[in-house]
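Have a look at the structure below before the remarks.
The values are calculated or read from the model by the stated rules, or taken from the named source; none is laboratory data. Model, not experiment: these values are computed from the prediction. So basically every Cβ, Gly included, is an ideal-geometry build from the backbone, and we count neighbours across all protein chains shown.
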Amino acid sequence: MIRLELQIDLYYQVNDGQGADFVFNLHPALTPAQTLTGENLALSQPIVPEISTDSATGNRYIRLHADPGPLTVSYAAMVDLVHHRADPASLAEVPVRQMPLAVMQYIYPSRYCQSDRLVKFAINEFGHLWQGHARVQAIQNWVQQHVKFTSNTSNSNTSAVDTLIEQVGVCRDFAHLMIALCRAVNIPARMATGTDYGADPGLGPPDFHAYVEVFLGERWYIFDPSGTAIPMGFIRIGTGRDAADVAFATIFGNVASQAPLIRTRAVQDAARGMELPWHCPQALSTAGA
């Protein structure tokens, strides 16, 4: 089991005289593989937030209205992960005719993942490969080899096609390109968000992290195309078609923000079966199925 202590602090200045509305997606999702032994949400303003869960994705949302002035959102949790593990060689692609209906939406193009524009390219590069986990791994490797991780090289409008052309980006850009290439060869893929446990401090302070889940066999499996962190240490926060579905904060109003402060610490306790995250060669999943 992996036990992670999570702390997230967000700082805002609401400049709108009427206040501002916020929607946050920073609670870890609850699945059979990911449970919480405790959590706490603190707000600097006397606000009663609305907290809800999307029944389809398990994403948990906070909606609130903040008054003018400073707003601090602090969230802490103890998260336990018991990964489903599988031999990569045993994981096959699922024909479209056999995909669960809930999975079908993840083979279509989306705002940031224009898979329809990459079909010819993807077939030329990956169409001849043995179908299954190995082909998905090949797509991930291709993205890692052809895109350079460089901070401040993209923005909220950067798409998979842009990243393919520019060949630079941050974690969300790597994820969008891998998702688009998978979908272009009819492999369901979606974006997941968490925190970048194990990332090189040289890349900057700890931050939210975007990675990829691909549907193989009967389950969603984790892939990290940026290769900057340790997948076994990923806390699942949100899943969606692309970044438009899984923003950690969506703001409606005149608001200034600071960079988030994030801490994720693994607890090691061999007597209680708790190990530190490591680069595992098996395929990992924290999805319910």
Residue ID - nearest to residue 205 (Cα to Cα), chosen from residues in the range 2-50 that are exposed (fewer than 13 other Cβ atoms within 10 Å of the Cβ) and hydrophobic (A, V, I, L, M, F, W, C): 42
For residues in the range 45-62 being over 16 Å from residue 11 (Cα atoms) and part of a strand (DSSP E or B), which is farthest from the chain's Cα centre (by Cα)? 50
Residue under evaluation residue 17, criteria (1) in the same structural domain as residue 263 (by TED's automatic domain parsing); (2) within 21 Å of the chain's Cα centre (by Cα), criterion not met: (2)
For the range 252-271, what are the residues that are surrounded by fewer than 15 Cβ atoms within 10 Å (Cβ to Cβ), touching a residue at least 40 places away in the same chain (Cβ under 8 Å) and not polar (S, T, N, Q)? 252, 256, 259, 261, 263, 265, 269
If we keep only residues of the range 20-35 that are of a type in the set (A, V, I, L, M, F, W, C) and not in a loop (DSSP other than H, G, I, E, B), then the residue nearest to residue 255 (Cα to Cα) is 20
Looking at residue 187, is it part of a loop (DSSP other than H, G, I, E, B) and surrounded by 18 or more Cβ atoms within 10 Å (Cβ to Cβ)? yes
Suppose we keep only residues that are at pLDDT below 95 and farther than 13 Å from residue 235 by Cα within the range 190-216. Which one would you say is surrounded by the fewest Cβ atoms within 10 Å (Cβ to Cβ)? 202
If the requirement is being modelled with pLDDT under 95 and more than 23 Å from residue 162 (Cβ to Cβ), which of these qualifies: 266, 283, 271? 271
Does residue 42 fit the bill of being modelled with pLDDT of 95 or more and more than 21 Å from the chain's Cα centre (by Cα)? yes
